Amino acid sequence: MPEIFGIPTAALFGQLLLGIINGAFYAILSLGLAVIFGLLNIINFSHGAQYMMGAFVAWMLLSYLGLGYWWALVLAPITVGLFGIILERTLIKQLQDLDHLYGLLLTFGIALIIEGLFRNQYGISGLPYAIPPQLAGGYNLGFMFLPAYRGWVVIASLVVCLATWFIIEKTRLGAYLRAATENPTLVQAFGINVPLMVTLTYGFGVALAGFAGVLAAPIYSVNPNMGAEIIIVVFAVVVIGGMGSIMGSILTGFGLGVVQGLTRVFYPEASATVIFIIMAIVLLIKPAGLFGRTA
């Protein structure tokens, strides 16, 4: 079997693929956080719980209504996004003029409540969610076997991430959103309903978490702890990329996934901590993050 740096190519590329898949989840989740923080100045600590809700909504649609994966890919993000809209209108909106810490504590409490409710109802055992038949099997690339579903996850994440970046950075709607964060009074003077825009933006960021949850459901077991297990890493990704930086979140998410995958091959003991080591180094050298702007 051919080797690279003494590592069998199958093992090396297998871990590299795993890293890219993890990176896809880091990218889309950190993108949602970046959208919410960058445009609304809210540190949404309930993002992991909303990611978990996306996976559970997909499972419920299949178990209770018989609606499969492709329906879930549309309906689950909408459902979770509507939950986010209700959350913003009833609770988060009340804190818009207060320090970030209040929003962080509120969303942390919301995450604990959501996870507790799901844990109480469904326990902590993972619930199975099958890969759709259209994406079963895989492809032999010669140097490795590529499972079709994992390839789909990477492509879907890239498309959603780049489409979100394009809308926010290159369209008139994105320009209104960015202007509303700088001077909401002036934007409102042009007849734009800024409070509604804020609510819909929060709902969209939450829907991104729900979308990631549906993608994750066939790979990881659907369980109430799946959000708590990933949210700290995702926050580290956002800090490294630069709080509020859309493209920074996407590039850093995929990049750190690859770094983590390669670390598993060459020095497995550091695979769980390498992202936090990188975060510490980046904060020492560039406190605003790799793509962040200093105020």
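The values are calculated or read from the model by the stated rules, or taken from the named source; none is laboratory data. Quick caveat, the model's predicted, so the values are computed rather than measured. We place every Cβ from the backbone using ideal geometry, glycine too, and count neighbours over all the protein chains shown. Note: areas computed on protein heavy atoms with side chains; ligands, DNA, RNA excluded. Shrake-Rupley method; radii C 1.70, N 1.55, O 1.52, S 1.80 Å.
On alpha-carbon atoms, Rg over Rh for the range 83-137 using Kirkwood Rh? Walk me through the numbers on the way to the answer.
Working: Rg = 17.1 Å, Rh = 14.1 Å.
Rounded to two decimals, Rg over Rh is 1.21.
Dividing the mean sequence gap of close Cα pairs (under 8 Å, 6+ apart) by how many residues the range 22-109 holds gives a relative contact order of 35 percent. With the simple spin-label model, which puts each label point 7 Å out from Cα in the Cβ direction, the R172 to A280 separation comes to 5.1 nm. For the range 1-150, which whole-number percentage of the solvent-accessible area (1.4 Å probe, protein heavy atoms only) is attributable to carbon and sulfur atoms? Percent of accessible area from carbon and sulfur atoms in the range 1-150: 68. Per residue, the chain exposes 48 Å² of solvent-accessible protein surface, assessed with a 1.4 angstrom probe and all protein chains in place. With the simple spin-label model, which puts each label point 7 Å out from Cα in the Cβ direction, the Q121 to Y267 separation comes to 4.4 nm. First compute the accessible area of the range 219-278 with a 1.4 Å probe, then give the percent of it belonging to carbon and sulfur atoms. Heavy-atom surface of the range 219-278 belonging to carbon and sulfur, 1.4 Å probe: 71 percent. Rounded to the nearest whole Hz, the Karplus-based 3J(HN,Hα) values (6.51 cos²θ - 1.76 cosθ + 1.60, θ = phi - 60°) of the range 110-127 follow the sequence 4, 4, 4, 5, 4, 5, x, 5, 5, 5, 5, 7, 10, x, 9, 6, x, 9, with x at glycine and proline. As an exercise, identify the chymotrypsin sites (Phe, Trp or Tyr not before Pro) in the range 1-102 lying in DSSP coil whose Cβ has no more than 10 other Cβ atoms within 10 Å. Those that pass, being in a loop and sparsely packed, are F5. How many percent of Cα pairs in the chain exceed 26 Å? Cα-Cα pairs in the chain separated by more than 26 Å: 46 percent. Convex hull volume per residue, computed on the Cα atoms of the range 6-46, equals 76 Å³.
Can you give me the relative contact order of the chain as a percent, contacts being Cα pairs under 8 Å and 6 or more apart?
Working: 435 pairs, mean separation 110.8, N = 295.
Once divided by the residue count of the chain, the mean separation gives 38 percent.
A simple spin-label model places the labels of T9 and L196 5.8 nm from each other, with each point 7 Å out along Cα-to-Cβ. Axis angle, to the nearest 10 degrees, between helix 69-90 and the longest C-alpha principal axis of the chain: 30 degrees. How high is the relative contact order of the range 164-295, in percent, with contacts defined as C-alpha pairs under 8 Å that are six or more residues apart? Dividing the mean separation by the residue count of the range 164-295 yields 20 percent. Taking amide H as placed 1.01 Å from N in the peptide plane, the amide H of G138 sits under 5 Å from that of A148, each at least 5 places away or on another chain.
Summing Lys and Arg as +1 and Asp and Glu as -1 over all other residues whose Cβ lies under 15 Å from the Cβ of Y202 gives a net charge of +1.
Give the whole-number value, in cubic angstrom per residue, of the convex hull volume spanned by the C-alpha atoms of the range 20-158.
On the way: hull volume 18.2 nm³, N = 139.
Enclosed volume per residue, from the Cα hull, is 131 Å³.
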